[in-house]
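The values are calculated or read from the model by the stated rules, or taken from the named source; none is laboratory data. Please read all numbers here as calculations on a predicted model, not as lab measurements. Please note: Cβ atoms are built from the backbone with ideal geometry, for glycine as well, and neighbour counts cover all protein chains shown. In case anyone asks, the SASA skips ligands and DNA or RNA and just uses the protein heavy atoms, side chains included. Shrake-Rupley method; radii C 1.70, N 1.55, O 1.52, S 1.80 Å.
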Amino acid sequence: MTLDPDAADGGELERYELRERLPYRFQPNRRQAVQLLGAGMMLAVSVPVAAQQRRGGGGRGPQRAERLSERFHIGTDNIVTVLTSKVEVGQGSRTQLTQAAAEGLRLPPEQIRLVMADTELCPDDGGTAGSRTTPANVPRIRAAAVAARQALLELAAARWNVPPEQVRLADGQFVAHGDQRVTLGELASDADFAERWSREAGGGPDIAASEWTVLGTTLPNVKGRDSVTGAATFPSDVRRPGMLYGVVLRGPSLAARLQAIDLAPAEAMEGVTVVRDGDFVGCAATTSWRARQALDALAATARWEEPEQPSVATLFDDLKRTAEGGGGGRGGRDARGNPDSAFQQAAKRLEAEYTIAYIQHAPMEPRAAVAEWTDGKLTVWTGSQQPSRVRDQLAEAFRLRGDRVRVIVPDAGGGFGGKHSGEQAIEAARLAQAAGRPVSLRWTREEEFTWAYFRPAGVIEVRAGLNADGGLLTWDFTNYNSGGSALESSYLSEHSRARVQNSQSPLRQGSYRALASTANTFARECAIDELAGLAGADPLEFRLRHLPDGRQKDILSAVARKFDWHSKVRSQTDGRGVGIACGTEKGSYVASCAEVEERDGELRVLSVTTSYECGAIQNPGNLLNQVEGSLVMGLGGALFEEILYERGRILNGRFSEYRVPRISDVPELIVDLVNRPDLPSVGAGETPIIAIAPAIANAVFQASGERLRSLPMKLSGQRTAT
Amino acid sequence: MEREHRLLVNGREHRVTTDPDRPLLDVLREDLELSGARYGCGEGECGACTVLIEGRATRTCITPVSDAQARAITTIEGLAQGDTLHPVQQAFLDEQALQCGYCIPGQILRAVDLLSAGGPPSRESIVAAMSEHICRCCNYPRILAAVEHAAGLAPATPQTGAES
Ligand code: FES
Ligand code: FES
């Protein structure tokens with residue numbers, strides 16, 4: 001399947017997500033369909049609302065110029081409300097989009113408020129994925145804000161009958177001749193306001209980074225105070241009058257099918273609503289405790305059929321065995337020369353295989369939704385990175401027109417690419433439909449670890465060769481299953497090939513922070529290190545020799561300087577080592593150096609230095625948070641995160657069994673943010689994660705002589721790092 | 001069997017009739033509408049559900065409501081004095097120790113407990129206390145800076161240099 005790289009999200013989602021079907025098939029609710037369409041008609045197929053409702057140029061539908069009135073509301077309190085379908089899941093989009101609007105309007109950020117991710121109110125800027133908010137939405141909102149400011153200046157000028165150039169904005173008010181003043185709110189009640197506000201929002205001149213006054217500075221998180229006081233309302237915190245708490249029955253293994261169940265014991269419990277609809281079984285009650293008791297009563301009567309299911313022991317064989325072959329996917333990208341014959345002729349050869357485990361995003365807030373039906377219309381508050389996709393799924397599941405479904409995403413507790421789906425919304429809505437009251441549903445941690453999709457596992461094969469003078473002659477790279485992001489190598493080689501083989505994934509898989517770039521960068525940077533060793537070259541020098549001039553090479557040089565690579569290499573003592581790696585993804589560039597110690601089979605990461613460049617920096621403080629967070633999250637995937645499963649059962653689906661990084665795991669971190677005001681800004685929530693694992697693996701080799709070729713890394717004789 | 005429980009939360013008395021085994025976390029969130037204590041694991045591993053009970057950081061997901069009877073409970077909602085944030089809250093804000101913010105109330109209350117012992121804690125004891133908590137945004141460098149800041153130690157200044 002080819003994906004459109006320019007789509008707001010499509011280009012960045014891996015193939016598997018686009019194939020997923022609805023998790024449930026519900027029976028048609030005859031009464032409700034009749035109410036919607038009038039007696040005598042029955043709605044058979046849901047209306048495809050996605051194309052219809054995508055607006056604002058962020059979606060993939062036909063583009064239509066948006067109007068100022070769709071993007072901005074001005075209140076009598078002098079606050080400008082900005083509307084966007086983007087979500088905030090901790091990456092700082094609310095703050096950076098506030099900056100973009102403030103910049104364009106030339107208003108202080110305190111006068112800007114964002115309404116995000118409400119499918120009924122907000123123009124569709126697409127979902128939140130692929131680091132697209134920074135490069136696509138910040139400029140769009142900034143340009144719209146410039147147009148809005150121009151419209152406001154003209155309104156003020158008309159009021160006083162002066163040319164617009166004589167109107168200034170000072171202290172959030174429009175001023176002319178020193179004593180003429182009008183507030184935003186007053187302008188918004190002008191008679192011609194509505195007409196001017198229906199003008200197109202796009203097309204205005206953009207503001208170059210050199211002119212920024214709000215962007216480019218560290219505006220603190222605009223919701224920070226709510227975070228530290230507990231006032232923030234996450235999806236799982238939403239309350240509605242008369243709300244019940246819902247739970248869903250899950251099978252004992254991933255492919256288990258329900259054969260029989262007795263609903264009577266749960267139905268006999270006071271105040272409990274029980275639903276069985278096809279494969280869906282759940283209950284709702286006045287407290288989650290009671291709902292859980294009812295569920296236990298149901299589970300005790302359930303009989304399941306369990307087919308033969310896979311185990312982690314055969315994972316990598318399974319992926320290679322089921323490879324579709326023939327290049328598949330984005331196969332054969334970047335092909336040059338004849339890698340097969342060049343490999344035979346090479347003076348020195350490397351053949352290596354790398355393996356990547358399934359891991360779980362485990363956002364701190366599990367999937368959660370509150371659903372409410374009012375007069376046949378459904379409203380769902382939920383933590384999802386894809387509000388309009390969830391709206392479409394709800395419309396399909398309940399056979400509703402898209403405009404009868406409203407999805408609102410309150411700022412949610414983490415995403416990391418793990419919240420692109422909306423099963424929790426469908427579950428809450430089904431229970432609310434049965435109960436006739438709003439229902440709140442929050443997955444347990446075990447559910448999140450078991451039933452949410454995983455970052456794809458993969459096997460990567462590298463076949464590469466050197467010519468007689470130690471230069472890279474041929475590079476052949478094949479990724480089984482984990483995906484095509486950052487598949488191409490930046491290193492110059494006369495012969496080369498990079499392929500993805502799609503396999504049958506034993507587990508449900510989907511996006512993750514930086515997608516497959518982590519796997520591909522790990523394999524490539526480890527292999528390049530081995531080749532440097534074969535060539536008898538310093539790993540930094542070998543890389544520099546083969547990289548073309550440009551941002552990748554610049555960032556590698558930057559980290560080498562910051563870390564003081566050559567003197568660190570010289571000063572290593574027994575059991576210690578340093579490693580280096582670099583990579584690029586989604587238009588930004590990262591390079592990391594790591595220093596590790598290996599003693600008695602135990603591995604310790606002492607320090608990590610990272611240089612990172614993503615164009616013009618929009619908010620240095622938020623960027624630092626994103627880079628540090630990515631690095632530490634990457635440490636988990638590098639050293640200990642791994643989903644274990646046996647015959648369809650997840651064996652380590654809780655935090656006591658699945659280790660994630662804690663504060664005690666954090667090495668000394670040095671982050672070097674390289675600002676390029678001359679270049680467009682690109683997103684930074686993902687790419688900094690990709691270079692830390694290979695930097696550590698390469699350092700381990702220097703420390704112990706052992707090449708670690710799996711994620712997570714395992715020293716021989718020792719399963720986990722400390 | 002349901003029973004009446006007397007709960008003292010943020011200086012107010014509540015009477016809640018409920019099952020004594022029900023987790024305090026659920027009672028706070030569902031009955032008292034205090035949602036700053038949050039669910040992260042339900043097994044005492046992540047600290048998202050932390051409140052102070054008689055000043056000590058306590059995980060409410062594994063505390064039955066009956067154990068909390070008649071003991072002074074402080075949730076994140078009760079930590080500030082009116083509009084004035086507690087110094088630990090202020091330090092988290094000053095150091096921008098928050099990304100999604102979901103784990104932050106629990107982290108703050110743990111730090112309040114740690115710092116109430118008196119005397120500036122060592123970095124080791126800060127790391128030991130805070131490693132009871134999980135932040136999946138992995139905002140740990142800022143969290144460490146915030147707790148050190150609150151403890152009156154020199155904060156670990158962000159090691160970053162913006163170059164053109
Ligand atoms: S929810 Fe209580 S410790 Fe995790
Ligand atoms: S700030 Fe997101 S989990 Fe800690």
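Quick notes on this structure:
- Inside segment A:429-483, residues that are in a strand (DSSP E or B) and in contact (Cβ under 8 Å) with a residue 40 or more places away in the chain make up a count of 23.
- Set A:R181, A:R149, A:R168: member being of a type in the set (K, R) and under 30 Å from A:Q91 (Cβ atoms): A:R149
For every residue, the table says whether it meets (1) modelled with pLDDT of 85 or more; (2) basic (K, R).
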position: A:L13; (1), (2): no, no
position: A:R21; (1), (2): no, yes
position: A:M42; (1), (2): no, no
position: A:R64; (1), (2): no, yes
position: A:R71; (1), (2): yes, yes
position: A:I74; (1), (2): yes, no
position: A:V80; (1), (2): yes, no
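- Residue count for segment A:432-444, restricted to those that are open to solvent by less than 10 Å² (accessible area, probe 1.4 Å) and more than 14 Å from chain B (Cβ to nearest Cβ): 1
- Filtered residue count, segment A:397-431, keeping only those that are among the acidic types (D, E), away from ligand 2 (no atom under 16 Å from the Cβ), farther than 14 Å from A:A369 by Cβ and surrounded by 24 or more Cβ atoms within 10 Å (Cβ to Cβ): 0
- When B:S125, B:S131 are checked against the criterion of being at pLDDT 95 or above, over 28 Å from A:E88 (Cα atoms) and hydroxyl-bearing (S, T, Y), a single residue qualifies: B:S125.
- Residue count for segment B:18-46 under the criterion of being more than 16 Å from the chain's Cα centre (by Cα) and more than 7 Å from every other protein chain (Cβ to nearest Cβ): the result is 7.
- Selection over segment B:112-152 of residues that are away from ligand 1 (no atom under 16 Å from the Cβ) and in a helix (DSSP H, G or I) gives a count of 21.
- Matching entry among A:A486, A:A514 (being open to solvent by 10 Å² or more (accessible area, probe 1.4 Å) and part of a loop (DSSP other than H, G, I, E, B)): A:A486
Each row is one residue, and each column tells you yes or no for (1) within 22 Å of A:G413 (Cβ to Cβ); (2) away from ligand 1 (no atom under 16 Å from the Cβ); (3) not assigned by TED's automatic domain parsing to the domain that holds B:P121.
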| position | (1), (2), (3) |
| --- | --- |
| B:L7 | no, yes, yes |
| B:P20 | no, yes, yes |
| B:L28 | yes, no, yes |
| B:G40 | yes, no, yes |
| B:L52 | yes, no, yes |
| B:C61 | yes, no, yes |
| B:A91 | yes, yes, no |
| B:L109 | yes, no, no |
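- Test: residue in segment A:226-247 that is modelled with pLDDT of 95 or more, open to solvent by 70 Å² or more (accessible area, probe 1.4 Å) and more than 11 Å from every other protein chain (Cβ to nearest Cβ): yes
- Residue in segment A:412-422 that is modelled with pLDDT of 95 or more and in contact with a strand residue (DSSP E or B) (Cβ under 6 Å, 6 or more places away or on another chain) present: no
- Hits in segment A:636-668 - residues which are more than 8 Å from chain B (Cβ to nearest Cβ), within 20 Å of the chain's Cα centre (by Cα) and not small (G, A, S): A:E641, A:E642, A:I643
- Qualifying residue in segment B:82-102 (condition: more than 28 Å from A:E88 (Cβ to Cβ) and open to solvent by 40 Å² or more (accessible area, probe 1.4 Å)): no
- In the condition set (1) modelled with pLDDT of 95 or more; (2) more than 16 Å from ligand 2 (Cβ to nearest atom); (3) under 27 Å from B:E13 (Cβ atoms), B:P87 is compliant with all but (3).
- Pairs are defined by a Cβ separation below 7 Å, a sequence spacing of at least 6 or placement on different chains, a first member in segment A:551-572 that is in the same structural domain as A:E613 (by TED's automatic domain parsing), and a second member that is part of a helix (DSSP H, G or I); the pairs so defined are A:K553/A:L544; A:L556/A:R543; A:L556/A:L544; A:A560/A:L540; A:W565/A:L540; A:Q572/A:Q702.
- Among the residues of segment A:77-109, those identified as among the hydroxyl-bearing types (S, T, Y) and either in a strand (DSSP E or B) or closer than 19 Å to A:A151 by Cα (or both) are A:T81, A:T84.
- The set of residues in segment B:93-107 being within 16 Å of ligand 1 (Cβ to nearest atom) and more than 7 Å from chain A (Cβ to nearest Cβ) consists of B:G106, B:Q107.
Residue-by-condition table, conditions (1) within 14 Å of chain B (Cβ to nearest Cβ); (2) under 26 Å from A:A519 (Cα atoms):
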residue	(1), (2)
A:F416	yes, yes
A:S421	no, yes
A:R430	no, no
A:F449	yes, yes
A:P456	no, yes
A:N467	no, no
A:T478	no, yes
A:S489	no, yes
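- All of A:A158, A:A143, A:A136 fail the test of being without any contact (Cβ under 8 Å) to a residue 40 or more places away in the chain, away from chain B (no Cβ under 14 Å) and either within 16 Å of ligand 2 (Cβ to nearest atom) or open to solvent by 10 Å² or more (accessible area, probe 1.4 Å) (or both), apart from A:A158.
- All strands (runs of 3 or more DSSP E) inside segment B:1-79 with 1 or more residues being free of Cβ contacts under 8 Å to residues at least 60 places away in the same chain and either open to solvent by less than 10 Å² (accessible area, probe 1.4 Å) or away from ligand 2 (no atom under 16 Å from the Cβ) (or both): B:3-9, B:12-18, B:50-53, B:56-59
- Within the set A:V222, A:V272, the sole residue that is farther than 30 Å from B:V112 by Cβ and among the β-branched types (V, I, T) turns out to be A:V272.
- The condition (being touching a residue at least 60 places away in the same chain (Cβ under 8 Å), among the small types (G, A, S), surrounded by 14 or more Cβ atoms within 10 Å (Cβ to Cβ) and within 30 Å of A:I689 (Cα to Cα)) is satisfied by just one residue among A:A188, A:A209: A:A209.
- Of the residues contained in segment B:111-119, one or more are found to be crowded, with 24+ Cβ neighbours inside 10 Å and away from ligand 2 (no atom under 11 Å from the Cβ).
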